[in-house]
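Participant: Please read through the structure below; I'll follow up with questions.
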């Protein structure tokens, strides 16, 4: 590193100051010492007002001072050089160290750190620079995480719109072909009374799918806009599961709840309820009559189980993708539009809640676990 310009400045100023003091002290000794010998220390006032022409001087002392003056001045000059050098280095070394560390900080080297060797202003400056740099690194890391999160959200949004356009294209094409055949009275499509209700049913399904797509696209904004609230899990889950208990009874299914340990959580209640509702709706939809749906807690884990044919591993890997329906659930009337679990994953991911969806061997079925 190039020598700081501050060092020669401090060295020069210090050297000039010490040499000036040396010369002044030598001059004072030369002028006053011979007089002090003749008059004594008690006549200071007379010495101060006396002039060299009328003040008697001791010739021996004067000659001795003149003889030793070159040696004393030489020693003082050497001492001045040494003192100026060490003083200047003591002042500039910490500044040089801070400059070196700030050069590493400028390229965001995480190990860069100013050493604090004192509690003076330079030590406080080093401490302040270290704190500022750590805050800068923390802010940069947060911005990177936010950038990655936004990029991932944008990617998911693009993928979702791409898949949604594909899912809408298929029924729209089928509906358009059916209407054209009816207009042209091709074959069986002459029977308007049979195919017009089918067209109406198809448009209703399209309308429902479009509504679900629009709701899903607004999901992220809805989660961010809703404020978190602290609520008791027992009362919350009891109220939420009530409607699905009635549906299960109507389907001749058994709905069991076991919530032994009540605890509080801080979450957006409406969005969390939407995620749980989708899980419970799937559990009810895919449970055969006479089978059981169970909702219970284990520690701070909320578990929803239903007795059904377990989903194969190859489908579990993609089950949270938008519009994905396993081969045996391609019928929209039975398997839905494939957005339920995608919405669940989006909500729980945004709320930073870990979850899992896995098959159960005893009793045979599926288990959804959410860690609260």
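Participant: Just checking, how many residues over segment 114-135 are in contact with a helix residue (DSSP H, G or I) (Cβ under 6 Å, 6 or more places away or on another chain) and part of a loop (DSSP other than H, G, I, E, B)?
Facilitator: 2
Participant: Any idea which of (1) modelled with pLDDT of 90 or more; (2) out of contact with any strand residue (DSSP E or B) (no Cβ under 9 Å at 6 or more places or on another chain) is the one residue 292 doesn't satisfy?
Facilitator: The one condition residue 292 does not meet is (2).
Participant: Hey, another quick one. Can you run down the residue pairs with Cβ atoms below 8 Å, 6 or more apart or on separate chains, where the first is in segment 215-230 and under 13 Å from residue 350 (Cα atoms) and the partner is modelled with pLDDT under 75 and in a helix (DSSP H, G or I)?
Facilitator: 220/153
Participant: While we're here: Please go through segment 193-247 and pick out each residue that is outside any helix (DSSP H, G or I) and in contact with a strand residue (DSSP E or B) (Cβ under 9 Å, 6 or more places away or on another chain). Even if it seems obvious, please write down each step before you answer.
Facilitator: Pass one, segment 193-247, residues outside any helix (DSSP H, G or I): 218, 226-232.
The answer is 228, 229, 230, 231, 232.
Participant: For segment 286-294, indicate whether the set of residues that are part of a strand (DSSP E or B) and closer than 20 Å to residue 235 by Cα is non-empty.
Facilitator: Narrowing segment 286-294 to residues part of a strand (DSSP E or B): 292-294.
Now drop any that are not closer than 20 Å to residue 235 by Cα, which leaves 293-294.
Within segment 286-294, one or more residues are part of a strand (DSSP E or B) and closer than 20 Å to residue 235 by Cα.
Participant: Mind counting the residues in segment 263-287 that are in contact with a strand residue (DSSP E or B) (Cβ under 6 Å, 6 or more places away or on another chain) and farther than 18 Å from residue 320 by Cα?
Facilitator: Here is the first cut: in segment 263-287, the ones in contact with a strand residue (DSSP E or B) (Cβ under 6 Å, 6 or more places away or on another chain) are 264, 266, 269, 279, 283, 287.
Right, trim to farther than 18 Å from residue 320 by Cα and you get 264, 266, 269, 287.
Number of matching residues: 4.
Participant: Looking at segment 106-113, is at least one residue assigned to a helix (DSSP H, G or I) and either surrounded by fewer than 14 Cβ atoms within 10 Å (Cβ to Cβ) or not assigned by TED's automatic domain parsing to the domain that holds residue 350 (or both)?
Facilitator: Of the residues in segment 106-113, the ones assigned to a helix (DSSP H, G or I) are 106.
Still in the running and either surrounded by fewer than 14 Cβ atoms within 10 Å (Cβ to Cβ) or not assigned by TED's automatic domain parsing to the domain that holds residue 350 (or both): 106.
Yes, the conditions are met somewhere in segment 106-113.
Participant: Please verify whether segment 318-330 includes one or more residues that are modelled with pLDDT of 85 or more, in a helix (DSSP H, G or I) and not assigned by TED's automatic domain parsing to the domain that holds residue 210.
Facilitator: no
Participant: Out of segment 309-329, which residues are out of contact with any helix residue (DSSP H, G or I) (no Cβ under 8 Å at 6 or more places or on another chain), surrounded by 14 or more Cβ atoms within 10 Å (Cβ to Cβ) and within 22 Å of residue 247 (Cβ to Cβ)?
Facilitator: Result: 311, single match.
Participant: I would also like to ask the following. Does segment 12-20 include one or more residues that are surrounded by fewer than 14 Cβ atoms within 10 Å (Cβ to Cβ) and modelled with pLDDT under 80?
Facilitator: No, the conditions are met nowhere in segment 12-20.
Participant: Identify the single condition in (1) assigned by TED's automatic domain parsing to the domain that holds residue 357; (2) in contact with a helix residue (DSSP H, G or I) (Cβ under 9 Å, 6 or more places away or on another chain) that residue 205 does not satisfy, given that it satisfies every other one.
Facilitator: Every condition holds for residue 205 apart from (1).
The values are calculated or read from the model by the stated rules, or taken from the named source; none is laboratory data. All values derive from a computational prediction rather than experimental measurement. Every residue, glycine as well, gets a Cβ built from its backbone with ideal geometry; the counts of neighbours run over all protein chains shown.
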